[in-house]
1. Over all distinct Cα pairs, what is the inverse of the mean 1/r for region 177-332, reported as the Kirkwood hydrodynamic radius in Å?
2. Pairs to check: 108/153; 27/153; 77/224. Give those whose C-alpha atoms are more than 22 Å from each other in this structure.
3. Please express the Cα-Cα pair-distance distribution P(r) of region 116-198 as a list of whole percents, one per 5 Å bin, running from 0 to the bin with the greatest distance.
4. Rounded to two decimals, what is the ratio between the C-alpha radius of gyration of region 336-398 and 2.2 N^0.38 Å?
5. Taking other Cβ within 10 Å of each residue's Cβ, how do 144, 354 sort, fewest first?
6. Counting other beta carbons within 10 Å of each residue's own, what order do 172, 108 fall into, fewest first?
7. Separation between the residue 185 and residue 146 pseudo-spin-labels, each 7 Å from Cα along Cα→Cβ, expressed in nm?
8. Would you kindly give the portion of the calculated P(r) for the chain that falls above 40 Å, as a percent of all Cα pairs?
Amino acid sequence: MNTDLFKVNERGFYGRYGGTYVPEILKPNCDALSDCYRDILESHDFQAHYRGLLRDYVGRPSPLWLSPSLSVRLGCKVYLKREDLNHTGAHKINNALGQILLARAMGKRRIIAETGAGQHGLAAATVCALFDMPCTIYMGSTDIARQQPNVAKMRLLGADVRAVESGNQTLKDAVNEALRDWCSHPSETFYMIGSAVGPHPYPDLVARLQSIISEEIKEQLLEKEGRDFPDTLVACLGGGSNAAGTFFHYLNEPRTALYCAEADGLGTADASAATILRGSDGILHGARTIVMQDDDGQITEPVSISAGLDYPGVGPLHAHLAASGRAMMIGVTDDEALSAAYALNCDEGILPAIESAHALAALNKINLRKDSVVVVTLSGRGDKDIDTYLNHAPSRKD
Ligand SMILES: *Cc1c(COP(=O)(O)O)cnc(C)c1O
C-alpha cells in the first residue's frame, strides 16, 4: 500500500488527478515506460552517468545565492536557487539529460519533443546533439514566429523543427501533434516530455529528474543555515517541473510551506494562465488534472506575458497539492512579474526569465515571518526575454 500522500500510486494517480488517458495504441508504450523507469533511474549505471553529466556538462550544483536586496526588503533571509546558471539557461536540461539516458537504456533510436517558448525544445535538441540521436520537435507556428532565436538554435543543433498549424498553433497543439507522431511510430520513438504533465509515468519521471534541485537545496541550506529545510519554498508554475523539483524532498516536511506562482496575465478571468486558481477539473494530454476550459469543456487559450507559463493545464501532482491544501497558489500578473524582474536586474545584476520573475513577485503576497528562511527557485535566465523587457521598460507610465 502506498502510504505517501504525495507520491504517485501504482495506477498513476495523485489523489483524484493523473492516470493514463491515452489512445489504445499508446497504452503499451506508457505501460512499458511505467514498468521500467524506476529500475533504470535507480540503477548504478544511470545514476553514475546522469550525475556526471549534471556536474560536468550542466555545471551543477547550481549556487544557492542569499539575495541581499530581497532579504532587506522582506525582512527575512531570501535565497535564490540559481537554475538560470545551468547550461542552456534553465532547469529544463536536468530533465532532458535524464530522459535521453532513459531512452537509450530502453533501446529507442529517435527522440520527439514538443515545445512552447522553445526552452524544452532547445534542451532536447542539445542532448540529442550530445548523444547523436535524430530529434523531431513539434512547435506551434504562432510560437515559431515569436520565438525565432530558439528556433534558430534548435535548427543549428540539427533538430527537425516542425510547424504545427492546428488549433491556436501554440504549445497545446504541439503536444497533440507529438502524441500523434508517437502513435504512428510507437516502437522506435521516445517521447521526451518537457514538464511534469502528460500520462503516467511522465509526471513522476519528470519530478524525479528535477528533484536534484531540492536535493541540492537540502545540502546547501545545511551548510549555510545549520538545518536542511527552509520555512518557505516558492516556484513558478507552468506545467510544474521546476516546482516539482523544488518541492520533491520537502513534500512530507510539515515545517516547510510550499507556494506556487501562477501566471495571472492581465488579472481577469478571460486573460489569465492561472490554471489552478481559475480552472476546473478536466482531462488534457493524457491526464486528469485542472484545465482552463469553457462551459462546453473546450480548452481555452491562456494569456500570459510568459511563453513558458501559458499552458492551459498543469501537472496532476500540483492539482493534488492544491486540492489537498499542501501547497498554496498565488496569482501574479504580467506587470507584477515585470517589476520584479527589473528590480532584481538593477539591484543585483541578475536578469531572470520572465517565468521566474513570477516567483519573485509572489514574495510580495506571502506573509513571511521575520527572520524566516525562504528559498525561491530562479528557474531560468532572461536572455530569451530581452525584447519583452525592452518593450515594457519601466519608464512607462509609473
Ligand atoms: C519552461 C519554463 C518554466 C515553466 O515550466 P515548469 O515545467 O512549470 O517548470 C519556468 N521557467 C522557465 C525558465 C522555463 O523555461
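Just so you know, all these numbers are worked out from the coordinates, no wet-lab data involved. Model, not experiment: these values are computed from the prediction. FYI the Cβ positions are ideal-geometry reconstructions off the backbone, even for glycines, and counts take in every protein chain you see.
1. Details: mean 1/r = 0.0613 Å⁻¹.
About 16.3 Å for region 177-332.
2. 108/153; 27/153
3. In whole percents, the pair-distance histogram is 3, 17, 27, 27, 20, 6, 1.
4. Numbers: Rg = 12.3 Å, N = 63, 2.2 N^0.38 = 10.6 Å.
My calculation over the Cα atoms of region 336-398 gives 1.16.
5. The order, fewest Cβ neighbours first, is 144, 354.
6. 108, 172
7. 2.9
8. Above the 40 Å cut-off, the chain has 8 percent of its Cα pairs.
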